[in-house]
Amino acid sequence: MKTTTLSDLIKKLNSFATDNYWELGKFLVEKVMPIARKQGMFEEEVLKEISSQPGIKFPYAMLKQCQQFYTYYPEVNKLPLPEIFYFDLATKVQESAKRREYEKLALKYHWTISELRKKIHGDEVTQREMERTKYGFDLKERNVWSFDLPDLRFGKSGFKGRIPGQIIANALFYYTEPGSVVVDPFAGSGTLGDVIDVLPYFADRKYRLYDIEPIDPRIKQHDVLKMGIPEESESVDYLFLDPPTEFYSAQTAAGVEEDPSVAMADFLLKFKGLVRESHRVLKASGRVSVIAEPAFTSKGYLDFPFELTKLFAEHNFEPTGKIYLPRRSGGGPSRLVSAETRKQLVSECRELQTFQKVG
């Protein structure tokens, strides 16, 4: 009797209709996941592996949603509302009690699917406003942190490489504790310092800022690549690393595309020292967050975030979080033309990876 392999199931999965969410979810949960677990693969890893296969028509996000749909509602055909209601509840509402509440309201008031979606969205906006009032910033509860505009209170307007201060505020919320010593070796315009200085919630955090070209009196001049992180060993609770975009570039300063192997070698050379220094200055169980981004070239794809994960693992760190940071930018038409002529993708999503020092 032939043994069914994961690759066999992936081929069969591609035969599903793109709108048959529940059946696709059932196939993933009952057929794919058991075999994947036997091979020692985690669910997230499996879904990413499937979506990356040549010819697969299902993106990762859809596979994840279908898996959630079937997991939460394995007997959807016996439930009183149309199937699309439960798909939205499964993919947009995390708490089971909240899903049941929305279901009761939809039945009681005979909502359309549009009315359900409006209610869910309205509650999300209200919740964000309540959290903002409580903490002083837009607290995110999911692993995609997208902000329409940078909060004007954090960082200096027009500064090249400035990231929304809301990203740093959320990182401090999830990865630091009261009294934590926080260090930013690529401080830029001092956004991290602004977040801690402005928001009372973080008033008990202590911070130190460094940059090769400081433009703020709180920032000390220091070249971390040449001289390391100027902190005593095992003295820091949290490091926030937002290196310049050149770290993840596959182009020379003149804008000429480099060979991917050369670009990767340069990236690893820069980061090996940073990772070693991170391990040295962090306390036991201290954390470091790094903003990384992949690069697409005409000669190959450079998965810098993946290489970072391997590098930190080699230096006795374990991953504790991965956040996706979509870019907010215009210029869509010109990029479409560029993609049409060059057939080359452009990265529109960075990752905030967080690692914890083991021991």
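The values are calculated or read from the model by the stated rules, or taken from the named source; none is laboratory data. Since we're looking at a predicted model, the values are computed, not measured. Note that each Cβ is placed from the backbone with ideal geometry, even for glycine, and that neighbours are counted across all protein chains shown.
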(message) Of everything in segment 136-174, what is outside the structural domain of Tyr324 (by TED's automatic domain parsing) and hydroxyl-bearing (Ser, Thr, Tyr)? Give them in sequence order.
(response) Ser146, Ser157
(request) Sort through Met41, Met33, Met130, Met62 and tell me the only one that's under 27 Å from the mean Cα position of the chain (by Cα), part of a loop (DSSP other than H, G, I, E, B) and not assigned by TED's automatic domain parsing to the domain that holds Lys322. (result) Met41
(request) Please specify each residue of segment 296-348 satisfying the condition of being modelled with pLDDT of 90 or more and of a type in the set (Gly, Ala, Ser). (result) Ala313, Gly321
(request) With the condition kept exactly as written, say whether any residue in segment 70-93 is under 24 Å from the mean Cα position of the chain (by Cα) and assigned to a loop (DSSP other than H, G, I, E, B). (result) yes
(request) Please state which one of Val93, Val125 is farther than 30 Å from Asp223 by Cβ and at pLDDT below 90. (result) Val125
(request) State all residues of segment 156-210 that are surrounded by fewer than 19 Cβ atoms within 10 Å (Cβ to Cβ), within 13 Å of Tyr135 (Cα to Cα) and over 23 Å from the mean Cα position of the chain (by Cα); if no residue qualifies, say none. (result) Val198, Pro200, Tyr201, Ala203
(request) Being in contact (Cβ under 8 Å) with a residue 24 or more places away in the chain and exposed (fewer than 12 other Cβ atoms within 10 Å of the Cβ) is the filter here, so list the residues in segment 31-53 that pass it. (result) Gln39
(request) Restricting attention to segment 8-35, report how many residues are modelled with pLDDT of 70 or more and of a type in the set (Gly, Ala, Ser). (result) 1
(message) Being part of a loop (DSSP other than H, G, I, E, B), hydroxyl-bearing (Ser, Thr, Tyr) and touching a residue at least 40 places away in the same chain (Cβ under 8 Å) is true for just one of Ser189, Ser157, Ser233. Which residue is that?
(response) Ser233
(message) So for segment 207-222 (the condition being assigned to a strand (DSSP E or B) and at pLDDT below 85), does at least one residue qualify?
(response) no
(request) Go over the candidates Val262, Val275 one by one and state the one that is in a helix (DSSP H, G or I), β-branched (Val, Ile, Thr), within 25 Å of Glu45 (Cα to Cα) and free of Cβ contacts under 8 Å to residues at least 60 places away in the same chain. (result) Val275
(request) Go through segment 104-157 and give me each residue that's hydrophobic (A, V, I, L, M, F, W, C) and within 27 Å of Tyr175 (Cβ to Cβ). (result) Val125, Met130, Phe137, Leu139, Val144, Trp145, Phe147, Leu149, Leu152, Phe154
